[in-house]
Amino acid sequence: MQVDALAAPSVHTLDNGLRVAVTPMPYARSVSLSVYVGAGSRYEATTEEAGLSHFLEHLCFKGTERRPKPLQISMEIDAIGGNMNAATNRELTVYYAKVTPEYVAQAIDLLADLLRNSVLIDEEIERERGVILEELAAVDDSPSEQVGVLLDEMLWPGQPHGRDIAGTEASVTAMPNDRIREYYRRQYVPNATVVSLAGAIDVGEGLALVERHFGDWQPGTPLSLIPHHDEPRGPLVQTIEKDLEQIHVSIGMRAVSMHDDARYALDLLSIVLGEGMSSRLFSRLREDLGLCYDIHSYMATLTDTGMFGVYSGVDPERILQAVTEMGRELRKVQAPITADELERAKAVARSRTQLRLEDTRAVSALYGSQLILEMPLRTPEEALAISAAVSLDQVTEVARRVIVPESWHLAAVGPVDAGDLERALGCSA
């Protein structure tokens with residue numbers, strides 16, 4: 001059965017600089033609203049400010065001038081059967097809601113109120129400070145998350161994108177209340193914001209609602225994202241010693257940015273190498289050798305850099321063999337993959353994208369994130385066409401460009417010696 005292509009959004013810029021994307025989805029029974037703000041860890045210049053964007057994201061749910069109690073906010077979205085949440089990453093903060101069409105005006109009013117009119121009173125700041133410290137403690141208790149934080153620090157030492165997005169215990173504890181309020185006034189402005197609507201809504205209705213609730217928002221002069229620097233790089237191997245039943249290990253390397261079309265070839269290479277039960281890493285380390293339960297590859301793209309990594313959790317007695325085998329599989333992909341592997345990867349990428357498009361939240365996120373990050377505005381079909389056209393030579397080229405053994409970084413959490421890991425990785429040559 002032929003599935004209709006997803007339409008490109010209708011994009012408009014209000015007089016105050018706010019960008020609006022509306023994507024009607026005639027088959028949908030919901031409307032999703034995503035509001036993207038230029039605020040994230042890459043806007044935090046010093047280690048003392050680490051976690052500032054994430055802290056503020058929490059606080060915007062803690063009361064506004066019209067809705068002074070946090071419970072009023074949560075009760076309002078619950079009463080209409082919707083859901084609402086937010087997330088902070090390195091380069092943006094997003095607030096989102098999903099509701100049935102008759103409640104879209106109420107959802108827009110609610111999110112506009114949170115972004116524009118949060119009161120940020122001292123009592124709520126101090127209460128949420130404790131909550132975030134507990135969140136940081138939870139990461140320390142989760143070695144699979146902790147190894148990812150450690151790897152980022154090794155790849156981008158001394159840079160905002162190498163820090164934990166939530167900050168550190170020291171930075172969160174000492175974060176001045178006035179600094180949070182100042183950052184809110186500076187970054188949460190319409191000319192650093194994108195509103196993306198998708199689902200059972202037409203363009204005229206969507207634009208009118210956004211204009212009503214955001215049109216009189218006054219623009220400002222927000223901070224710019226802190227650019228990436230190629231140097232320095234951190235140690236090649238680093239460990240956090242913990243008495244655990246498993247050693248959590250990640251091998252990572254710097255890769256391509258979101259503005260580099262080589263990311264399509266790297267995405268396909270990642271599928272071949274470590275995404276799914278038929279991938280090379282899974283087949284070799286789990287099925288053939290029984291070395292681990294979970295092993296996978298992954299990639300992350302930022303506006304001016306990126307990374308590629310492999311993660312696994314392994315029994316301490318078998319960690320050195322596992323690291324050696326991981327290194328061998330990584331080295332193998334510098335040689336050409338097969339035509340059959342590439343075609344299977346393209347099928348996975350195509351299906352993965354199409355399945356996401358059933359969700360109005362995924363569509364609002366797709367176009368909203370492209371706009372806030374100044375990416376080319378591409379429909380899923382356009383992106384899939386680029387992916388489908390990737391050649392074996394392009395995959396080989398990106399593998400040789402990215403998977404360079406001399407630039408690998410290995411992070412591990414558990415009972416293991418860094419020197420032993422370095423030697424095991426070297427044995428994979």
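The values are calculated or read from the model by the stated rules, or taken from the named source; none is laboratory data. All values derive from a computational prediction rather than experimental measurement. Note that we place each Cβ from the backbone using ideal geometry, even for glycine, and neighbour counts take in every protein chain shown.
Check whether at least one residue in the stretch 217-228 is loosely packed, with under 14 Cβ neighbours inside 10 Å and within 20 Å of the chain's Cα centre (by Cα), and report yes or no.
At the first step, the residues of the stretch 217-228 found to be loosely packed, with under 14 Cβ neighbours inside 10 Å are 218, 221, 224, 227.
Add one more test, that the residue is within 20 Å of the chain's Cα centre (by Cα), and what stays is 224, 227.
The answer is yes, given that some residue of the stretch 217-228 is loosely packed, with under 14 Cβ neighbours inside 10 Å and within 20 Å of the chain's Cα centre (by Cα).
What pairs can you find where one residue is in the stretch 3-22 and part of a loop (DSSP other than H, G, I, E, B), the other is among the acidic types (Asp, Glu), and their Cβ atoms are less than 8 Å apart, with a gap of 6+ or different chains?
5/381; 6/381; 14/211; 16/216
State all residues of the stretch 211-233 that are modelled with pLDDT of 95 or more and acidic (Asp, Glu); if no residue qualifies, say none.
Those that are modelled with pLDDT of 95 or more and acidic (Asp, Glu): 211, 216.
Does the stretch 42-52 contain any residue that is closer than 20 Å to residue 17 by Cβ and hydroxyl-bearing (Ser, Thr, Tyr)? Before you say what the answer is, go through the steps one by one.
Let us first name the residues in the stretch 42-52 that are closer than 20 Å to residue 17 by Cβ, namely 43.
When the remaining residues are screened for being hydroxyl-bearing (Ser, Thr, Tyr), the result is 43.
Yes, the stretch 42-52 has at least one match.
In this structure, does residue 119 turn out to be on the phi < 0 side of the Ramachandran plot and out of contact with any Lys or Arg (no Cβ under 9 Å at 6 or more places or on another chain)?
Numbers: on the phi < 0 side of the Ramachandran plot: yes; out of contact with any Lys or Arg (no Cβ under 9 Å at 6 or more places or on another chain): no.
No, not satisfied.
For residues that are assigned to a loop (DSSP other than H, G, I, E, B), surrounded by fewer than 15 Cβ atoms within 10 Å (Cβ to Cβ) and either touching a residue at least 60 places away in the same chain (Cβ under 8 Å) or touching a strand residue (DSSP E or B) at 6+ places or on another chain (Cβ under 8 Å) (or both), tally how many sit in the stretch 129-156. Reasoning before the result, please.
Restricting attention to the stretch 129-156, the residues satisfying the condition of being assigned to a loop (DSSP other than H, G, I, E, B) are 141-142, 156.
With surrounded by fewer than 15 Cβ atoms within 10 Å (Cβ to Cβ) added as a condition, the list becomes 141-142.
Next, from what is left, pick out any that are either touching a residue at least 60 places away in the same chain (Cβ under 8 Å) or touching a strand residue (DSSP E or B) at 6+ places or on another chain (Cβ under 8 Å) (or both): none.
The qualifying residues number 0.
Conditions: (1) of a type in the set (D, E, K, R); (2) touching a residue at least 12 places away in the same chain (Cβ under 8 Å); (3) outside any loop (DSSP other than H, G, I, E, B). Residue 29 meets all but one. Number of the miss?
Here residue 29 clears every test but (3).
Which pairs have Cβ atoms under 7 Å, sit 6 or more apart or on different chains, and link a residue in the stretch 332-354 that is over 16 Å from residue 274 (Cβ atoms) to one that is small (Gly, Ala, Ser) and modelled with pLDDT of 95 or more?
346/387; 346/388
Looking at this structure, is residue 56 assigned to a helix (DSSP H, G or I) and either buried (at least 16 other Cβ atoms within 10 Å of the Cβ) or of a type in the set (Gly, Ala, Ser) (or both)?
Details: assigned to a helix (DSSP H, G or I): yes; either buried (at least 16 other Cβ atoms within 10 Å of the Cβ) or of a type in the set (Gly, Ala, Ser) (or both): yes.
Criteria met by residue 56.
Under the condition of being touching a Gly at 6+ places or on another chain (Cβ under 7 Å) and farther than 22 Å from residue 374 by Cβ, which residue from the stretch 33-53 is surrounded by the fewest Cβ atoms within 10 Å (Cβ to Cβ)?
The first filter runs over the stretch 33-53 and keeps only residues touching a Gly at 6+ places or on another chain (Cβ under 7 Å), leaving 34, 36, 50-51, 53.
Narrowing the set further to residues that are farther than 22 Å from residue 374 by Cβ leaves 50-51.
Working: 50: 23, 51: 26.
Among them, the one singled out is 50.
Give the stretch 88-122 a look and list any residue that's over 15 Å from residue 196 (Cα atoms), free of Cβ contacts under 8 Å to residues at least 60 places away in the same chain and among the β-branched types (Val, Ile, Thr), or say none.
Matches in the stretch 88-122: 119, 121.
Please count how many residues of the stretch 349-374 are in contact with a Phe, Trp or Tyr (Cβ under 9 Å, 6 or more places away or on another chain), part of a helix (DSSP H, G or I) and within 23 Å of residue 40 (Cβ to Cβ).
Summing the residues that are in contact with a Phe, Trp or Tyr (Cβ under 9 Å, 6 or more places away or on another chain), part of a helix (DSSP H, G or I) and within 23 Å of residue 40 (Cβ to Cβ) in the stretch 349-374 gives 7.
So residue 276 fits all but one of (1) assigned by TED's automatic domain parsing to the domain that holds residue 306; (2) modelled with pLDDT under 95; (3) touching a Gly at 6+ places or on another chain (Cβ under 8 Å); what number is the exception?
Exception for residue 276: condition (3).
For residues in the stretch 304-322 being within 19 Å of residue 149 (Cα to Cα) and of a type in the set (A, V, I, L, M, F, W, C), which is surrounded by the fewest Cβ atoms within 10 Å (Cβ to Cβ)?
Applying the filter and picking the extreme gives 307.
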